Amino acid sequence: MIIVPSSNTIELCPIGVVHRQRSDEDVNDGELISRIVVDKKYADGLVGIEDWSHLYVIFWMNRISDEKKTLLCLGNEPKMPTVGIFATRAPVRPNQIGLTLVELVRRERNVLVVKGLDALHGSPVLDIKPYPYWLKGHWIVVTKYKTPAYLRKINKKTTRESQSHE
């Protein structure tokens, strides 16, 4: 059982902040390089992290206003249905927690240079965890998964279009 305080508040302390080369960069560009500047008091927590190729970055989407939060995400394409917010990767969530799997390019003391982070410049970083997960000597890597049919159709179309432009 989880006991939630009567105030229904949770207090989090950021461990660092996201820095981008430019604040107007497209956060959906998977090739984008970002820097996570970890507070120096947490720098010892980075020891050994350079031995991992990929990391989960958990961050706070601090620019999402309460007015934009929703439980339904309206389909913006003809073949995209309205779905619940928890069935999407949309940022307009009840809690502004972001999670992205990134490639670790390198570590520079208390700075992690990563590729593929979809957090905005100035986003507070809450935690960093290595990928893949392991349990009792076994790697936990998902290779079989299920996705919605409408996304598979959209992805096939996008893949065909990108291949035809090569």
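Each value in this text was obtained by applying a stated rule to the coordinates, not by laboratory testing. Just so it is clear, the model here is predicted, and its values are computed rather than measured. Note: ideal-geometry Cβ built from the backbone for every residue, glycine included; neighbour counts use all protein chains shown.
Observations on the model:
- By average C-beta atoms within 10 angstrom, highest first, the peptides 59-68, 117-126: 117-126, 59-68
- Sequence-distant aspartates and glutamates (8 or more away, or on other chains) whose Cα lies within less than 18 Å of Lys79: Glu161
- Measuring between alpha carbons in the structure, the pairs from Lys115/Lys144; Lys115/Lys136; Lys40/Lys129; Lys69/Lys129 lying more than 20 angstrom apart are Lys115/Lys144; Lys115/Lys136; Lys69/Lys129.
- Area projected by the alpha carbon convex hull of the stretch 1-74, averaged over all directions, nm²: 9.1 nm²
- Computed lengthening from Val141 to Ala90, 0.36 nm per intervening residue step minus Cα-Cα distance: 16.0 nm
- Extension gain from Cys13 to Ile49, taking 0.36 nm per residue of separation minus the Cα-Cα distance: 10.9 nm
- Taken over the chain, the ratio of Cα radius of gyration to 2.2 N^0.38 Å equals 1.19.
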